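> Dropping the structure in here first, questions after.
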């Protein structure tokens, strides 16, 4: 089975040697390089550039056994294995194909896992990201995670965020991470516990310039939430800012309300806030 390794470039040769010694027969590394040749002052210079950066593909039949991965994790030069989605990769791709085949691309997809957010591992979050990315790649726009998963993503530590970003980048799904650099100001729809988690814990809200909050509850409108006034739907009139829906239990209803108010859904941001 193939796996993906992130490594320290200073110790690549040591890593190869130790992996070969520990794994034995049938060990294969795939690390494509590009040879760049150019002339400078009538002299040709050559430089090899690794196309995968500090990642490589590694094959061995024993990678199917998680114990093999655990035994290798302290190998010099090895930073970590990208894992956690292989078991479900085929099933996810088949599921998305069926969604497209049976014309379900206009449906609303909530991704849920039957665990409290504290118990969700990074491997499980990788699988969630892989599924979300696969759906959004097929132009399925109404994709969101349940409140437990959203809270877990919001609470990622810096090391976990780096690993998640690396995983998504490897598989071409980095676009599902909503980038605060692209927005000066946004509207957060929903003034509840998940909104509090997003605002107080995520890098997104730490780096965005400003935001306003909307809710449909008459009891909340006009009151303060995290020091900000809660607005009603009238804020959306003549306001072209992008929106993030934090009230996941009412996601589809809120999506429809915004669609009715704005006439389109192009300002609704779907993806992960970390």
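> Fewest to most neighbouring Cβ within 10 Å: what's the order for 241, 152?
241, 152
> Once label points are set 7 Å from the Cα along Cα→Cβ at both residue 216 and residue 110, what is their separation, rounded to one decimal in nm?
Result for the modelled spin labels: 1.3 nm.
> Would you mind classifying the range 2-82 by shape? Square roots of the alpha carbon gyration tensor eigenvalues, ordered a ≥ b ≥ c; an a/c under 1.5 is rounded, otherwise it is prolate if a/b is larger than b/c and oblate if not.
Note, shape of the range 2-82 comes out prolate.
> Right, something else. Below 8 Å, C-alpha to C-alpha, sequence gap of six or more: please give me the relative contact order for the chain in percent.
16 percent
> Expressed in nm to one decimal, what extension gain is obtained for the pair residue 169 and residue 223 from 0.36 nm per residue of sequence separation less their Cα-Cα distance?
15.4 nm
> Here's another thing I want to ask about it. Which residue, 242, 126, 42, has the most motion in a Gaussian network model of the chain that connects Cα atoms within less than 10 Å?
Evaluated over the chain, the most mobile residue of the options is 42.
> Find how much the distance from residue 179 to residue 29 grows on full extension, using 0.36 nm per residue of separation minus their present alpha carbon separation; answer in nm with one decimal.
Separation in residues times 0.36 nm, less the Cα-Cα distance, equals 50.6 nm.
> Rounded, prolate or oblate, given the Cα gyration tensor of the chain, with a/c below 1.5 counting as rounded?
Here the chain falls in the prolate category.
> Right, next: Please work out the FRET efficiency for the pair residue 71 and residue 46, using the Cβ-Cβ distance as r and a Förster radius of 30 Å; give the result to the nearest 0.05.
0.20
> Build a GNM of the chain with springs between Cα atoms under 10 Å: which of 16, 219, 98 gets the top mean-square fluctuation?
219
> If you average the sequence gap of Cα pairs under 8 Å that are 6 or more apart and divide by the length of the range 180-262, what percent do you get for the contact order?
Worked out over the range 180-262, it gives 35 percent.
> Can you give the calculated 222 nm mean residue ellipticity of the chain, where each DSSP H run of n ≥ 4 adds -39,500 (n - 2.57) and the sum is split over every residue, rounded to the nearest 500 deg cm²/dmol?
Value at 222 nm, helices only, nearest 500: -11000 deg cm²/dmol.
> Once you sort the root eigenvalues of the Cα gyration tensor of the range 180-262 as a ≥ b ≥ c, which label holds: rounded (a/c under 1.5), prolate (a/b larger than b/c) or oblate (the other case)?
It comes out rounded by the Cα gyration axes.
> Under 8 Å for C-alpha pairs, at least 6 residues apart: give me the relative contact order for the range 86-172, rounded to a whole percent.
38 percent
> Now for a different question. Please compute the length gained on full extension between residue 200 and residue 95, using 0.36 nm multiplied by the number of residues separating them and subtracting their Cα-Cα distance.
Extra length from residue 200 to residue 95 when fully extended: 34.3 nm.
Laboratory data are not the source of any read-out in this text; all were calculated from the coordinates shown. Computed from a predicted structure; not experimentally measured. Positions of Cβ are generated from backbone atoms using ideal geometry, with glycine treated the same way; all protein chains shown enter the neighbour counts.
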